[in-house]
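Coordinate-derived values only; no laboratory data. What you see is a predicted model; the values in this text were computed from it and never measured. Cβ placement follows ideal geometry from the backbone for every residue including glycine, while neighbour counts extend to all protein chains displayed.
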């Protein structure tokens with residue numbers, strides 16, 4: 001069970017899991033690592049309110065701006081826009097490989 005499924009089951013926010021295993025918060029897609037990074041600065045219901053108020057694209061821009069710089073975990077990890085395997089926009093943590101790159105063999 002993903003952490004956002006626990007949050008959703010507790011009634012914190014309307015969050016679901018996509019077929020690819022990512023979080024979908026009102027149309028805003030986040031990878032698991034991006035979701036955990038966002039949870040360091042806001043609670044699930046705050047994230048859902050942000051997406052409802054600004055829409056998925058506006059919320060993504062706001063989150064990228066909030067977590068810019070050194071990052072919230074002191075490692076410099078931030079958020080970046082990416083694409084799912086189906087080409088949909090998704091927020092990923094800046095150090096995550098794109099899905100197409102994840103399966104490639106590197107010598």
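Brief remarks on what is shown
- Taking other C-beta atoms within 10 angstrom as a stand-in for reagent exposure, 94, 31 fall in the order 94, 31, fewest first.
- Dividing the C-alpha radius of gyration of the chain by 2.2 N^0.38 Å, with N its residue count, gives 1.04.
- Mean residue ellipticity (222 nm) of the chain, computed from DSSP H runs ≥ 4 via -39,500 (n - 2.57), nearest 500: -11500 deg cm²/dmol
- Full-stretch length increase - residue 81, residue 98 - with 0.36 nm per residue and alpha-carbon distance subtracted: 5.1 nm
- For segment 3-90, the relative contact order works out to 21 percent when only alpha carbon pairs closer than 8 Å and six or more residues apart are counted.
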